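The values are calculated or read from the model by the stated rules, or taken from the named source; none is laboratory data. As the structure is a prediction and not an experimental result, all values here were calculated from the model. We place every Cβ from the backbone using ideal geometry, glycine too, and count neighbours over all the protein chains shown.
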């Protein structure tokens, strides 16, 4: 009778261990990215779009032409006085200042006036400024070279990431995966299937886009490439949500169940050892 009880107990422990193993496999599926990707497969992604300028953006516009004074004025080059510690004198260091895009979508440039830039990308703005310089007869055709750079584009990351906060867009074609990596990646408690990207359009309306990073199809979403002022929010999974209460935190803890299995195995081993004597 005792042997039968021990046998049933060992079967129960084995069954419990199998359930725990299956739970571990299920948990693994919740934390892996792009689970349906195949080696060497080419995944279709949304066409890369250049970031378009919006009111509130700041632009660094560098104009080079055959007239040095015109170049300096249009490029907002300002002399900054710095001390020369060797000779005790001061000297001017040229500093480039950004143009602020106003609420009308314009930048106000010396000599050529307001230039409408909202809705344009960097290359289009450079072309427009160069044309305006030539039309104003400030430089000869073929001598004007304009370079435009963004200086204040940011996005924010919230929720289950290692380092939530606001980050600079360092690449015009920044992907959501790269944005998450800048925030230290998602924590183990972040839901890979519930990543939200909140984006504000030119009319001030906000669009909520949900991504499932376990599926390669998220690369076809408009939210795959991050734009200025985007907010990325990673939802917590059930374990993290359960930690808000003591009871759920206890029974959903991996450490709790691991300890329980260890105790059960130890008891089973002790019983088997005693019965053999």
Which one of the conditions (1) loosely packed, with under 10 Cβ neighbours inside 10 Å; (2) modelled with pLDDT of 55 or more; (3) farther than 30 Å from residue 135 by Cα does residue 3 fail to meet, given that it meets all the rest? (2)
Which numbered condition trips up residue 146, out of (1) part of a strand (DSSP E or B); (2) crowded, with 16+ Cβ neighbours inside 10 Å; (3) outside the structural domain of residue 67 (by TED's automatic domain parsing)? (3)
Assuming residue 12 fulfils every condition listed in (1) surrounded by 10 or more Cβ atoms within 10 Å (Cβ to Cβ); (2) within 30 Å of residue 149 (Cβ to Cβ); (3) at pLDDT below 55 apart from one, which condition is it? (2)
Which one of these is buried (at least 16 other Cβ atoms within 10 Å of the Cβ) and over 19 Å from residue 146 (Cβ atoms): 54, 41? 54
